[in-house]
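See structure below.
Rule-based calculations on the coordinates, nothing more; no lab input. Nothing here was measured: the structure is a model prediction, and the numbers come from that model. Every residue, glycine among them, receives a Cβ derived from its backbone with ideal geometry; neighbour counts consider all protein chains shown.
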Amino acid sequence: MRVKTSELTKKYRNGPIEVVAVDGVSIEIGEAGLTVIVGPSGSGKSTLLSLIGLNDYPTSGRLFIDGLDTCRLSGRERRTIRLARMGFVFQTFNLLPTLSAVENVELPMLLAGFSRKQQREKAERLLETVGLSHRLSHRPKQLSMGEMQRVAIARALANGPELIVADEPTGELDSRTGKEIIGLLSEICKKEKKTVIVATHDEKVVEVADAVYTIQDGRLGNSADK
Amino acid sequence: MAATFVVAIGATTMRYATVIREMNVLFNGQVMVVTKGTIIVQAIPINLQGGMLKENLANQIGNVTGAERTIPVILVTNQIDTTKNLDLVPVNFTIAIPLGDWQSALGPIMLKGSTGRMPADDLQYEVVVGASLADQNSWKEGSKIALRGHTFNVTGVLDTKMALLGRSIVMPLKIAQTVYTYPKSVNIIAVKPAQGFTQEQLSNNIEQQIDSVDALTQRERNDVVEPVLAQIETWNTGIEAVVFVISLILVMTVTLMSVSERRRDFATLDAIGAPLSYVFRVVIFETVLVGVLGGVLGLFFGSLTAVVLASLFTSIPLAQFFPSVLEIVPPLYMVQIFVSVVAVCTLAGIIPAANAARTRIAEVLRAEY
């Protein structure tokens, strides 16, 4: 999936103050590669990812996905793209606590209308891929943080997305587990030819990235293709 | 809780309204003549101290223009256990009618079993009893019962579900006059209007010709109680409405809190592309489930409470009410309450469900970080 932004800006109000979270960002992300957006806390990288993941509307500017101007899409069309073509990994995993690991992975497939059998087979296969075939019926509370993030990655892959958006995926993890998760995302990116965009301030992620962008005060800094 | 309260209060109110209305079964379409000042609730004189009528007054009333037939009657309430205080609802009634006038006074009579019969002799101490009384005391055809120092032979059991007749002891007038020491006296004379005469015309004629009596038409008898019953039922409906509104607010508040606690979950659903209708349905399903469970539990505990109240108000043993729980809380009323509870909970879920469907991941993440 190709993502292109043009002068993308997001402003919001925090009480009396207007915050410019993303300030005129123009960026082009090619297909099948691990792109990392690096920046300190509050720099606007999560907001930029929300915009790219069609989870938020820009105040101005344009966002194109495979040449399609997303600013013209309705809420329903944006949800359809998120469901069918994108996968999301969050810093705090965002698993539904009442569902088991396998049910969490099945959820996007349920929403996409897969049959019960297809959901279960694929969810088990994905959990096996992320090394959790022995934790299928465990609830998030019974899993370690690293395991929860693996379940979240499996969920992100459920509908076979072209783009995976990961916001601080190692933020809650210790360095060893974080490294494993980054390794997993990198492997998925290479093996399954997916576009992965990661927002982070973790230097270890930068090491495996195909492209790195820095962001500071909402403005994109230098980029480095590796 | 709300469903329990509504079922218990509603069923109890409804039951007593029904019982009171059923009293109209006596002297249906007839004028009731009583001594002046006697208060009549439906067909029951509630202040017997108002005085008795001479039995032969029935002959004089029979000669009034518009009167076709007169039936002198004694109707006494709550007489078996005279040591007890009067119950809120009388435990039983004695209805005493001249031989052969059974049907004119009581309406169509059915007796349990094939060998039962109405008392046939003014000299024999014979009675028929209501089914509820018979069940409570294990009386059946051929049983001997003691009443005010006399022993009676039960010749039949009235086969009726009506509360008044179910709690009645029916005997010949002459026997009742001896047992209750009302020689040659009665407390009611029922008068059937002749063809072409209305109850109102007959009543006016009787009151014009005989000073010492009130002649009450069916409408006048109902006038005493019907407005009160209507008012009670209106209050009951009002209380139900208030309880349901309070329940709606409570369920909505609790669901709003629950949705607020799970904001991140709903935002996650939105992020992964769940349609708004899916998120909406998740919350509505939860409140409907609360309604279904609440409705079932409310009906169970409400019916139980209504049965206990029925027993407390009448001193009839609790066990006797259990088999007839569906008469105390009718199935249609159960369905009505159940549907209302589920509807209230569904309505209560609409605003929280809309809130949940509006939750966006970007807002949640902004609030968290």
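Rounded to the nearest 10 degrees, the angle from helix A:116-129 to the longest Cα principal axis of chain A is 80 degrees.
Rounded to whole numbers, the Karplus 3J(HN,Hα) couplings from phi for segment B:271-277 are 4, 7, x, 5, x, 4, 5 Hz, using 6.51 cos²θ - 1.76 cosθ + 1.60 with θ = phi - 60°, and x at Gly and Pro. Rounded to the nearest 20, the Cβ-based charge dipole of segment B:25-217 about its Cα centre (Lys and Arg +1, Asp and Glu -1) stands at 320 debye.
With neighbour counts taken as other beta-carbon atoms within 10 Å, the residues B:ASP159, A:ASP202, A:ASP69, B:ASP270 rank, fewest first, as A:ASP69, B:ASP159, A:ASP202, B:ASP270.
Its Cα centre serving as origin, segment A:3-225 has a Cβ charge dipole (Lys and Arg +1, Asp and Glu -1) of approximately 820 debye.
Taking every DSSP helix (H) stretch of at least 4 residues in the protein assembly as shown, weighting each as -39,500 (n - 2.57) and dividing the sum by the residue count yields a mean residue ellipticity at 222 nm of -15000 deg cm²/dmol.
Binning the C-alpha pair distances of segment B:139-286 at 5 Å intervals from 0 yields a P(r) profile of 2, 6, 8, 8, 8, 9, 8, 8, 6, 5, 4, 5, 5, 5, 5, 4, 2, 1, 0 %, listed from the shortest bin outward. Computed over segment B:211-369, the quotient of the alpha carbon radius of gyration and 2.2 N^0.38 Å is 1.59.
Taking only the alpha carbons of segment A:147-201, we obtain Rg and Dmax values of 10.5, 29 Å in that order. Each peptide in A:116-124, A:146-154 gets a packing score, the mean of other Cβ atoms within 10 Å over its residues, and the list from highest to lowest is A:146-154, A:116-124. Charged neighbours of B:TRP102, selected by a Cβ distance under 13 Å, balance to -1 (K, R count +1; D, E count -1). Note on B:LYS54: lysines with a C-alpha under 18 Å away, same-chain residues under 8 apart excluded, are B:LYS36, B:LYS174, B:LYS184.
Here's the list of aspartates and glutamates a cross-link from A:LYS204 could span, going by alpha-carbon distance under 17 Å and ignoring same-chain residues fewer than 8 apart: A:ASP167, A:GLU168, A:GLU172, A:ASP174, A:GLU180, A:GLU187, A:ASP225.
Mean per-residue shielding of peptide A:44-52 is 2, counting Cβ atoms of other chains within 10 Å of each Cβ.
Secondary structure note: in segment A:3-225, about 50% of the DSSP beta bridges are antiparallel.
Using a Debye calculation, one point per C-alpha and no hydration shell, please list log10 I(q)/I(0) for segment B:25-217 at q = 0.17, 0.19 Å⁻¹ in order. The calculated log intensity ratios at q = 0.17, 0.19 Å⁻¹ are -1.11, -1.33.
About its Cα centre, the dipole of segment B:225-368 is roughly 540 debye, where the only charges are +1 on Lys and Arg Cβ and -1 on Asp and Glu Cβ.
Peptide packing: for B:138-144, A:84-90, the average count of neighbouring Cβ atoms within 10 Å per residue gives the ranking A:84-90, B:138-144, highest mean first. The distance linking segment B:117-164 with segment B:226-291 is 53 Å (Cα centroid to Cα centroid, whole angstrom). Taking every residue in A:90-97 and counting other chain Cβ atoms within 10 Å of its Cβ, the average works out to 5. Ordering of A:59-68, B:95-104 by packing is B:95-104, A:59-68, highest average first (other Cβ atoms within 10 Å, averaged per residue). Going from the residue with the fewest nearby Cβ atoms within 10 Å to the one with the most, B:LEU229, B:LEU165 rank B:LEU229, B:LEU165. For segment A:101-193, what relative contact order do you get, as a whole percent, if you take Cα pairs closer than 8 Å and at least 6 residues apart? Normalised by residue count, the contact order of segment A:101-193 is 30 percent. Counting only lysines at least 8 places from A:LYS11 when in the same chain, those with an alpha carbon closer than 21 Å to its own are A:LYS45.
Ellipsoid semi-axes for chain B, based on the Cα gyration tensor and the rule √(5λ), read 58, 23, 15 Å when sorted largest first.
Note on the protein assembly as shown: Rg/Rh from C-alpha atoms, Kirkwood Rh, equals 1.33. For segment B:148-156, putting each phi into the Karplus relation 6.51 cos²θ - 1.76 cosθ + 1.60 with θ = phi - 60° gives couplings of 6, x, 10, 9, 10, 9, 7, 9, x Hz, in residue order, rounded to whole numbers and with x for Gly and Pro.
Taking amide H atoms as placed 1.01 Å from N in the peptide plane, list the residues 5 or more away in sequence, or in a different chain, whose amide H sits under 5 Å from that of A:VAL22. The list, which skips near neighbours in sequence, is A:LYS10.
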